[in-house]
Every structure is written in structure tokens, then in C-alpha cells.
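The values are calculated or read from the model by the stated rules, or taken from the named source; none is laboratory data. This is a predicted model, so every value here is computed, not measured. A quick note on method: Cβ atoms are made from the backbone with ideal geometry, for glycine too, and the neighbour counts reach across all protein chains shown. All accessible areas refer to the heavy atoms of the entire protein, side chains included, with ligands and DNA or RNA removed. Shrake-Rupley method; radii C 1.70, N 1.55, O 1.52, S 1.80 Å.
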Amino acid sequence: MAVKALKGFKDIVPGEVETWQFIEATARDILHRFGCSEIKVPILEKTKLFKRSIGETTDIVEKEMYTFSDRNGSSLTMRPEGTAPVLRAYIENGLHAAKPIQKLYTIGPMFRHERPQKGRLRQFHQISVEVLGTDLPRVDAELMAMAALILQELGLSASLEINSLGCPSCRPDFNKALLDFIGTIDDLCDDCLRRRQTNPLRVLDCKSANCQAHYRNAPSILDHLCPACADHFSAVKKGLDLLAVPYAVNPFMVRGLDYYTRTTFELLTTDLGAQSTVGAGGRYDGLVAQLGGPAVPGIGFAMGMERLALLLEEQGDGLPEPELDLFIAAIGPPAQDEAFRMSHALRSLGLSVAMDHQDRSLKNQMKQAGRAQARFTLILGDAELEKGEAILRNMASHDQIAVALGGELSAWSLALADKLFD
Ligand code: ATP
Ligand code: MG
């Protein structure tokens with residue numbers, strides 16, 4: 001029996017990959033406009049990196065990580081998210097010394113052992129961005145505006161929800177109010193009963209509908225912010241207003257990672273059913289120091305590329321088919337030798353060129369050219385070789401012209417390229 005891919009791991013095949021390339025190209029273009037630089041980091045890290053950053057009692061660390069011992073017995077983890085590895089790299093490479101404000105992005109696969117379903121995989125891909133070295137509220141607003149612009153230029157609509165989770169000085173006061181409130185509920189799910197002991201804030205992130213119904217009456221963290229955090233949040237909202245980015249405040253959004261402080265946000269769509277969050281992020285001012293780096297603040301977000309691709313597919317506008325510049329229809333071995341050499345020379349000049357190597361009929365080869373969406377076809381057989389002239393056919397207008405053969409191949413190729421781009 002043929003070996004299949006793992007459950008929750010997917011190939012992205014031609015026909016789909018064009019959507020992915022479009023997403024990536026659009027995102028990169030916008031990220032560069034905002035001054036972000038790409039950083040590529042490993043997929044495998046020491047397990048303690050994620051335990052220390054994401055938090056021991058989060059769903060990701062408790063239930064979702066691909067963790068194993070390597071041949072030396074070290075505990076390793078396939079990265080479940082991008083922030084921790086990028087921050088580790090930032091510290092390890094002294095990037096804070098190179099530039100006071102670093103805007104870094106990375107695009108690649110993440111791994112979480114979740115129940116696979118639509119828009120939820122075990123290997124999925126994120127575009128993730130980190131801005132390190134400043135806690136100015138305008139930076140938060142600009143980052144959210146940038147995330148919204150990526151969705152907009154992809155042609156997708158999403159709504160932005162924001163919240164503030166305060167800082168270590170306002171959190172205890174809120175935790176107490178939340179625990180008092182939770183104490184009044186008698187049918188909490190088992191997960192929430194456990195979270196109540198380990199990490200009270202986490203209950204608000206519970207996926208159970210029953211718990212969520214209760215939490216609609218929970219105290220709002222926004223009523224428990226210290227003055228500095230309240231001012232920061234007001235300034236973030238003002239920044240969004242200045243940039244005319246629409247948003248809604250959702251005081252119950254907590255996010256599934258422990259490291260968040262102050263601003264958190266989510267980009268939601270109504271088009272994907274349960275898996276409606278296409279992007280999410282927030283501020284993590286203590287995290288760099290917690291990972292052994294300098295005390296610099298930071299903020300970041302990640303977008304899920306599977307969900308973006310699904311939305312684009314469902315929207316169904318379709319991407320333009322890749323075009324072929326030239327198909328060379330060669331009949332007979334001598335013409336094929338010639339076409340083989342021409343193809344390579346033209347490709348070296350930057351053209352996309354295809355030919356048939358199986359000596360099929362002219363009719364069949366013209367069909368292939370049509371299927372491949374070739375703009376031009378060059379027709380070349382024994383008669384053309386003898387005459388020293390091939391036929392160049394414009395596939396859209398059906399115009400045909402004669403093209404002289406012979407001379408040095410590179411000069412001939414340049415002349416032909418000129419004709420194709422006339
Ligand atoms: P969810 O609530 O959907 O589980 P999350 O809070 O775990 O999301 P983050 O860790 O913030 O998600 O990751 C940011 C984005 O990455 C999500 O908004 C989503 O688009 C995407 N994402 C997260 N987990 C998966 C997954 N298993 N499969 C596909 N995309 C995912
Ligand atoms: Mg999740």
C-alpha cells in the first residue's frame with residue numbers, strides 16, 4: 001500500500017500553490033512598506049523555550065506540542081508558534097544592539113497536535129510579525145493597521161477586535177475579581193475547574209458554549225487596568241481612529257498564550273464557521289527579558305495562511321492562470337534538436353518556454369500550446385528547417401509571421417524575444 005501523509009499534514013499542490021504564492025507576495029510587499037525585515041528561524045527548538053514563553057498551563061503547552069527526545073535524550077519541540085523562536089534569535093544574535101527598534105517577520109510552518117478540521121491542521125503556516133524595542137501605543141495601532149491592510153489587499157474582509165490585558169501590576173486585582181465571579185458558577189467544565197486553580201484568566205478562552213454563556217457576565221478586565229495601562233489602551237484606540245481603522249473592543253478576549261500584556265487583538269471573519277480567527281496577536285512587554293534578553297518591550301501577531309487560502313478559494317475570484325510566453329511545436333528529430341536548444345537559450349533570457357519531447361503530431365502539439373495558455377507558438381518542421389524560416393503564431397489573434405532561422409543562437413533568441421514583447 002502507498003504511504004500516505006500524516007493526519008493533519010497537507011500537501012499544497014499546483015492549482016492551490018498559486019493562492020499561497022499570492023498571499024505570501026502580497027504580505028511581503030506590505031511588510032516591506034512598513035519597514036519589516038525577514039528573519040528565518042529553525043523549526044526545531046529546545047522544549048523549554050516554549051514552556052518558558054507560552055506558559056506551562058496553556059492549551060498549546062499542555063496538549064498540543066510535538067515534543068520528543070532526540071538521539072541524545074534532549075527534549076525538543078517542533079515550533080507551535082513563531083514568537084518564541086524569533087525572540088530567541090533576536091537575543092542570540094544581538095539584534096537589539098544592531099537597531100533600537102527591530103521589525104521582524106517570518107513565514108513558515110508551525111506544528112500543533114490538534115483535532116484536524118476545516119481551517120485547523122497539525123502542520124499549518126503563519127505569517128508572523130514582531131516589533132521589538134518600543135511600547136509606544138502608536139506602534140500597536142500601526143501594527144493592527146498593517147494586519148488589516150494585508151487582508152484588504154488580499155481582497156478579504158475581516159473585523160478587528162481589541163482588548164487590553166493590563167500588566168503584572170493590574171492583573172492580580174482582576175484575577176481576584178474573576179475568581180470571585182467564577183466562585184458563583186456551579187457547572188463549570190472540567191477544564192475551567194482546573195484553570196481556576198492554575199491560570200484563572202485562561203477560563204475566558206474556554207471553547208465550551210455553556211461556560212461562554214456564563215462568562216458574558218464576567219467582570220471586565222478593562223475596569224481593572226492600572227492608570228498607565230488604561231492610558232496606553234486609550235492611546236492605542238486613538239491611534240486606530242487616526243488611521244481610520246474600524247475596531248470593536250472585546251473585554252473578554254484573552255488569547256491562548258500567557259505572555260501577553262496590554263494590547264491584544266484578533267482579526268475575525270464570519271465566513272469560516274468555527275475557525276473564524278484569521279489573525280491574532282498582542283503586546284508582550286516582559287517576554288524578551290523573561291527569555292534572558294534585555295528588558296525591551298515587544299508586540300506581534302500571526303496570520304494563519306490556511307484560513308486565508310480557504311477564504312480566497314471560497315470567494316472564488318480565481319487567480320490569473322500562469323502564462324507561458326512560447327510553446328515550440330517541433331515536428332521530427334532535427335527540428336526537435338533545434339527546439340531543445342532554442343528552449344534553453346530563451347529560458348536563459350527570462351522567457352517561459354515549453355515544448356513536446358515525444359514527437360507528437362502538429363495538431364496535438366497545438367492543443368498542448370492552447371492548454372498551457374501560450375501567448376505564442378513557434379512551428380518548426382523539416383520544411384521550415386529547409387527553408388530557413390519558422391512560423392510564429394500569435395495564439396490570441398491567430399496572426400502568423402515568418403521568423404528567419406540560423407545565425408548564432410543567442411542573437412537569434414534575443415531577436416525572437418523582441419518579437420514576443422513587441
Ligand atoms: P484558535 O483559537 O483558532 O485555536 P489560536 O488562538 O490558537 O487560534 P494563535 O496561536 O493566535 O491561534 O495563532 C494565530 C493564527 O494562526 C490563528 O488566528 C489562526 O489563523 C492560525 N492557526 C492557529 N492554529 C491553527 C491550526 N491548528 N491550523 C490552522 N491555522 C491555525
Ligand atoms: Mg488554538
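Data table
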{"quantity": "Longest DSSP-loop-exposure-free segment, GluC sites (Glu not before Pro), the chain, at most 16 other Cβ within 10 Å", "calculated": "115-322"}
{"quantity": "Candidates Val353, Val278, Val236: whichever shows maximal mean-square fluctuation once the chain is modelled as a Gaussian network with Cα springs under 10 Å", "calculated": "Val353"}
{"quantity": "Residue-normalised accessible area of region 127-190, expressed per residue, 1.4 Å probe, Å²", "calculated": "40"}
{"quantity": "Tilt relative to the chain, helix 17-33 - C-alpha long axis, 0 to 90 degrees, to 10", "calculated": "60"}
{"quantity": "Of Lys48/Lys176; Lys103/Lys237; Lys367/Lys419, those spanning more than 26 Å from alpha-carbon to alpha-carbon", "calculated": "Lys48/Lys176"}
{"quantity": "Protein accessible area in the chain, 1.4 Å probe - carbon and sulfur %", "calculated": "53"}
{"quantity": "Prolate/oblate/rounded label for region 1-102 (Cα gyration tensor, a/c 1.5)", "calculated": "oblate"}
{"quantity": "Cα shape, region 324-421, gyration tensor, a/c 1.5 rule", "calculated": "rounded"}
{"quantity": "Nearest 10 degrees, 0 to 90: helix 227-242 Cα axis against the chain principal axis", "calculated": "30"}
{"quantity": "3J(HN,Hα) from dihedral phi, region 357-368, Karplus parametrisation 6.51/-1.76/1.60, rounded to Hz, x for glycine, proline", "calculated": "9, 10, 6, 7, 5, 4, 4, 4, 5, 5, 4, 4"}
{"quantity": "Rounded to 5, percent antiparallel among DSSP beta bridges of the chain", "calculated": "80"}
{"quantity": "Around Ala27: net Lys/Arg minus Asp/Glu count, Cβ-Cβ under 13 Å", "calculated": "-2"}
{"quantity": "Region 53-99: C-alpha gyration tensor shape, a/c 1.5 cut-off, then a/b vs b/c", "calculated": "oblate"}
{"quantity": "Helix 409-420 vs. the chain, principal-axis angle (Cα, 0 to 90°, nearest 10)", "calculated": "70"}
{"quantity": "Accessible area per residue, Å², region 324-421 with all protein chains present, probe 1.4 Å", "calculated": "54"}
